[in-house]
Amino acid sequence: MEVVKRLKALLKEISVINSSVSLMHWDQRTYMPSKGAETRAEALGYLSALSFRKLISPEMGELLETLSSKNDSTSLSDLEAALVRVVKHDYEKAKAIPPELYQKFVITSSKSQTAWEKAKKENDFASFSPYLEEILKLLREMVEFYGYEEDPYDALLDNYEPGMTTSKLEHIVSELKPKLISLIENLSAHAPIDDSFLKGKFSKHAQKKLSMEALKCIGYDFNAGRLDETIHPFTITIGTGDVRVTTEYKLSEFIASLYGTIHEGGHALYEQGISPELKWTLLDSGASMGIHESQSRMMENIIGRSYEFLSFFYPKIQRAFPKTLKDVPLESFYRAVNKVKPSYVRIEADEVTYNLHIMLRFELEKALINRELEVKDLPDAWNAKMNEYFGIVPPSDSLGVLQDVHWAGGMIGYFPSYMLGNLYAVQFFNSALQEIPELKKEIAAGKLSTLREWLKEKIHKHGRIYKPEELCKRATGEELSPRYFIDYVEDKFRRIYGL
Ligand code: ZN
């Protein structure tokens with residue numbers, strides 16, 4: 001059909017620009033000389049604006065309207081119908097916000113991030129609070145333009161998790177929270193696990209080799225990507241056939257970098273597994289942040305920290321660091337990488353405590369958006385929740401309310417994706433286990449190809465065709481349920497701690 005052809009041509013123009021923007025971003029964060037920063041920012045700004053203008057162009061509006069009208073939409077294939085639905089959602093979201101408001105939001109969040117960096121360094125929440133107030137004010141305005149049915153927070157959630165609502169999340173939280181709090185109490189009563197051998201001196205060369213081996217083992221395609229070094233690990237897709245990952249090597253510990261690499265590898269497998277049929281369509285990325293996170297956390301935690309995987313991979317780790325690890329048995333290593341300990345900092349959290357860090361943020365940001373909590377009371381509210389959930393209170397705001405960049409960057413509504421990712425991961429893995437009875441044996445033999453094919457078939461190849469909810473139903477036969485995660489952590493950690 002002629003109109004579909006025109007839509008696809010326009011989407012290709014947008015995608016090609018986005019691909020160039022991604023490559024420039026990757027370069028900016030890896031190899032760009034520092035003096036190139038200003039020119040790069042200008043070029044990136046120009047190209048991003050060009051792509052955005054094409055997305056909200058009158059031509060796009062006309063094409064989408066024609067294709068959504070009754071007569072035309074009935075002759076569309078399933079794939080074309082999905083294309084129209086997803087692009088229309090992007091178009092409407094982008095059009096909803098008046099350009100001046102959006103511009104103000106971009107500038108404010110950029111200034112706010114700079115203020116946050118300083119405030120975090122100097123442990124000075126008061127200097128950051130006016131910026132957060134301004135971000136919240138702008139987001140509340142934007143929420144009215146986006147529209148919502150029940151809760152203003154829904155409109156922000158939808159930016160990261162299409163279809164997710166505040167009430168669905170509250171339901172999940174109410175089921176999960178008490179179980180986790182009581183599990184942590186039980187585990188904390190036990191003697192702590194010895195993980196002293198995870199600290200020491202670990203050469204960058206050996207760490208790099210190990211990261212490469214781990215990526216190869218999970219099936220990352222080095223002919224369609226590469227691994228580089230950055231301060232903050234990330235995965236970036238330049239386009240079909242080019243999905244890159246980065247990691248950070250710390251010389252005094254290798255665990256964070258190894259698991260960081262496997263985490264990014266999980267994101268990358270998702271992007272590498274998207275059907276080439278979706279190339280240049282805007283459907284060629286993940287279904288949501290939560291679904292994306294499910295793929296990284298499955299590789300990092302459910303696989304990477306499993307006894308089966310380590311029984312295959314730990315000898316390689318021992319060979320990389322023989323001095324420190326040759327006399328440490330597999331059992332001790334397995335327990336050490338699964339140690340549960342309430343911590344102040346989210347990104348250092350283990351599988352059991354992690355979701356509570358997210359619930360805390362979800363509850364606070366929802367209250368902020370709804371004016372049920374004032375910014376000046378935020379540090380106290382944060383500390384009270386830390387005490388309630390973990391029994392610890394951070395000694396400073398830098399290790400508390402100021403630790404994450406998300407609020408400073410205007411990304412309110414993002415945090416729940418991390419928790420949803422953890423839940424989706426277990427539910428997906430559970431279905432894979434039922435359909436592949438030999439799966440645990442295969443993992444213990446270092447064979448991850450059957451699982452990878454399963455994930456590709458059920459999740460990866462579809463890109464953004466299905467909303468998270470539908471994707472989950474198709475892959476597992478039911479809606480997202482926290483039950484699987486609860487069973488998983490209770491079983492795994494009671495065993496490890498001998499409860
Ligand atoms: Zn991630």
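The values are calculated or read from the model by the stated rules, or taken from the named source; none is laboratory data. Values in this document were obtained by computation on a predicted structure and should not be read as measured data. As a convention, Cβ positions derive from the backbone with ideal geometry for all residues, glycine included, and neighbour counts pool all protein chains shown. Heads up: the accessible areas ignore ligands, DNA and RNA and are worked out on the full protein's heavy atoms, side chains in. Shrake-Rupley method; radii C 1.70, N 1.55, O 1.52, S 1.80 Å.
Per residue, the accessible area of region 2-147 comes to 58 Å² when a 1.4 Å probe rolls over the protein heavy atoms. In this structure, the amide hydrogen of residue 229, modeled 1.01 Å from its nitrogen in the peptide plane, lies closer than 5 angstrom to those of 247, counting only residues at least 5 positions away or on a different chain. Rounded to the nearest 10 degrees, the angle from helix 449-458 to the longest Cα principal axis of the chain is 30 degrees.
When only alpha carbons of the chain are considered, Rg and Dmax amount to 23.0, 72 Å.
The H on the amide N of residue 408, modeled in the peptide plane, is under 5 Å from the matching H of no residue at least 5 residues off or on a different chain. Label-to-label distance, residue 481 versus residue 56, with points set 7 angstrom from Cα along the beta-carbon direction: 4.3 nm. For the chain, the longest principal axis of the alpha carbon atoms and the long axis of helix 255-272 meet at an angle near 40°. Among the chymotrypsin sites (Phe, Trp or Tyr not before Pro) in region 1-100, those placed in a DSSP loop whose Cβ has at most 11 other Cβ atoms within 10 Å are 31.
If R0 equals 30 Å, the separation of the Cβ atoms of residue 3 and residue 221 corresponds to a calculated FRET efficiency of about 0.25. Here the spin labels are modelled as points 7 Å beyond Cα on the Cα-Cβ line, and at residue 252 and residue 185 they lie 3.5 nm apart. Among the trypsin sites (Lys or Arg not before Pro) in region 270-371, those placed in a DSSP loop whose Cβ has at most 14 other Cβ atoms within 10 Å are 326, 371. Kindly state, to the nearest 0.05, the FRET efficiency for residue 387 paired with residue 347, given R0 = 25 Å and r defined as their beta-carbon distance. About 0.75, to the nearest 0.05. The residues of region 395-499 expose on average 39 square angstrom of accessible surface per residue, using a 1.4 Å probe on protein heavy atoms.
Label point 7 Å out from residue 499 along Cα-to-Cβ: which residues of region 322-341 have amide N under 16 Å? In region 322-341, the label zone of residue 499 (backbone N under 16 Å from the point 7 Å along Cα→Cβ) covers 338-341. When you restrict to C-alpha pairs under 8 Å that are six or more residues apart and normalise by the size of the chain, the relative contact order lands at 20 percent.
Per DSSP helix of 4 or more residues, -39500 (n - 2.57); summed, then divided by the residues of the chain. What does that give at 222 nm, rounded to the nearest 500?
The helix contribution divided over the chain gives -20000 deg cm²/dmol.
Loop-located GluC sites (Glu not before Pro) across region 358-411 with a Cβ neighbour count of 14 or fewer within 10 Å are 372, 374, with loop assigned by DSSP.
Expressed as a whole percent, the accessible surface of region 166-496 that belongs to carbon and sulfur atoms is 50, based on a 1.4 Å probe.
Could you tell me what % of all Cα pairs in region 1-145 have separations over 20 Å?
63 percent
A Förster radius of 41 Å combined with the Cβ-Cβ distance from residue 145 to residue 491 puts the calculated FRET efficiency at roughly 0.35.
Pairs from the list 316/339; 93/467; 121/376; 209/467; 179/385; 201/316 with a Cα-Cα gap above 26 Å: 209/467.
For the chain, the longest principal axis of the Cα atoms and the long axis of helix 58-68 meet at an angle of about 80 degrees.
Spatially, region 367-420 and region 294-359 are offset by 26 Å when compared through their Cα centroids.
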